[in-house]
1. Within the stretch 75-103, can you find the residues that are farther than 20 Å from residue 134 by Cβ and surrounded by fewer than 15 Cβ atoms within 10 Å (Cβ to Cβ)?
2. I need the full set of residues from the stretch 97-111 which are part of a helix (DSSP H, G or I) and either touching a residue at least 40 places away in the same chain (Cβ under 8 Å) or closer than 14 Å to residue 138 by Cβ (or both), in order please.
3. Answer with yes or no whether residue 75 is touching a residue at least 40 places away in the same chain (Cβ under 8 Å) and either under 24 Å from residue 194 (Cα atoms) or assigned to a helix (DSSP H, G or I) (or both).
4. Please list, ordered by residue number, the helices (runs of 4 or more DSSP H) wholly in the stretch 140-206 having 3 or more residues that are modelled with pLDDT of 90 or more.
5. What is the one condition in (1) closer than 16 Å to residue 188 by Cα; (2) assigned to a loop (DSSP other than H, G, I, E, B); (3) at pLDDT 95 or above that residue 127 does not satisfy?
6. Based on what the data block shows, is residue 110 in contact with a strand residue (DSSP E or B) (Cβ under 9 Å, 6 or more places away or on another chain), modelled with pLDDT of 95 or more and on the phi < 0 side of the Ramachandran plot?
7. Given the criterion within 28 Å of residue 140 (Cβ to Cβ), modelled with pLDDT of 80 or more and surrounded by 15 or more Cβ atoms within 10 Å (Cβ to Cβ), identify the matching residue among 215, 224.
């Protein structure tokens, strides 16, 4: 009798713990996956109030038609609020104006963003401020130099096998990178050919595309995969796991 009572007590203790473990491991429903497992393209804005989100249905359909990724149907903006940056895996900034001054506190906020896995994509908006933005980026990590992106890098050859001429323009790449601890923390595009605005406004589709549109689609798919995984070839994790780890 005592033995049976002890067994019952143990069973009543274990069952709730087992049920709790089962509940924690319950797979996400499709709506939950759709909410978490999607790319949200966020562009930093220095304007208040923020611009209205722009529909990117063509880009969304092309990316989703070629990959297993989901993409938010609108480009969104985020204020230049440095403490809030660390909650995002990557942010996009167009170099249309002179870069803002950086205090020591600002630099520490950016370092915090990068140290938690964030990447900043500085994008083409004319030639006027390119060098100023390069100096701005380097000032956050004075010991790091901008490097011209090697066409053999995973960013060129990860998702789609792009030929060298895709990233090279007259023998030089239009993409420059800042690396810290072996990871890209900033990517700078100095060509209208690869600009997000050019891609967003193109007539890209999941099927046939004109050569330049196809090149941009492949480049941005590679870019998104790189920004969200860090190393696409060795980091084949599901996107919600990646995003949680980046926070």
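The values are calculated or read from the model by the stated rules, or taken from the named source; none is laboratory data. Since we're looking at a predicted model, the values are computed, not measured. Please note: Cβ atoms are built from the backbone with ideal geometry, for glycine as well, and neighbour counts cover all protein chains shown.
1. 79, 81, 83, 84, 87
2. 107, 110, 111
3. Yes: the conditions hold for residue 75.
4. Here the list reads 196-200.
5. (3)
6. yes
7. Answer to the check: 224.
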